[in-house]
1. Residues being closer than 23 Å to E25 by Cβ and in contact (Cβ under 8 Å) with a residue 12 or more places away in the chain: count how many of those fall in segment 161-181.
2. In the set E3, E12, which member is at pLDDT below 95, closer than 24 Å to G131 by Cα and loosely packed, with under 13 Cβ neighbours inside 10 Å?
3. Please list, ordered by residue number, the strands (runs of 3 or more DSSP E) wholly in segment 1-119 having 1 or more residues that are β-branched (V, I, T).
Amino acid sequence: MAESLYVKEILEELSRNARDVRDEELREAAQEVLRARRVFAAGTGRSGCAAQAFCNRLMHLGRTAFFVFDVTTPPIREGDLLFIVSGSGASSSPISMAEKAKKAGARVLTLTVHPEAPVSAMADCIVAIPGGTKKDGIKGGGQIMGDAFEEMSWIVCDAMVHMMREELGISKEEMTARHANLD
């Protein structure tokens, strides 16, 4: 069976982008998550999918996490963390959420292509992720997919979960035991 040149091309692009992700930023972000009483993750579109997946992985780590747009999400409070995935960092919804979180006394962590963007100005912690967004087109490393930010955000979130799993001493088996069983 021949390898998929399409998959290989995408993985090579992601690998090039991964060279620009800084472990120091990931460690700082992972510490923000671990210090938080609860984590509220947000993002719209495909960024929202990455945020939801991160919530799911945090639950597997035994952490309390909510996806902002879920109807069962409680109010954010002091001691909580708002985790925003926003490629542009300039969309009105993430900016509004960051303002509300700060007003409530929560900390803000953002994953973005644009660390100089408005939502980043309110963030206590920023992870800069290379890769274009749909607004950037091919700028920033999205040569093949055009909006490689979302794919990179999934990888960055998984890397943070791996760091936290090791720090907490949680086995893969413990995480697997927390997987849903009603599906």
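The values are calculated or read from the model by the stated rules, or taken from the named source; none is laboratory data. The structure presented is a predicted model; accordingly, all values stated were derived computationally and were not measured. Here Cβ is always computed from backbone atoms with ideal geometry, including for glycine, and neighbour counts include all displayed protein chains.
1. Here the count works out to 7.
2. The conditions single out E12.
3. Fully inside segment 1-119 and qualifying: 39-42, 81-85, 107-112.
Yes or no, residue by residue, for (1) of a type in the set (S, T, N, Q); (2) surrounded by fewer than 17 Cβ atoms within 10 Å (Cβ to Cβ); (3) at pLDDT 95 or above:
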position	(1), (2), (3)
V21	no, no, no
L26	no, no, yes
Q31	yes, yes, yes
F40	no, no, yes
G45	no, yes, no
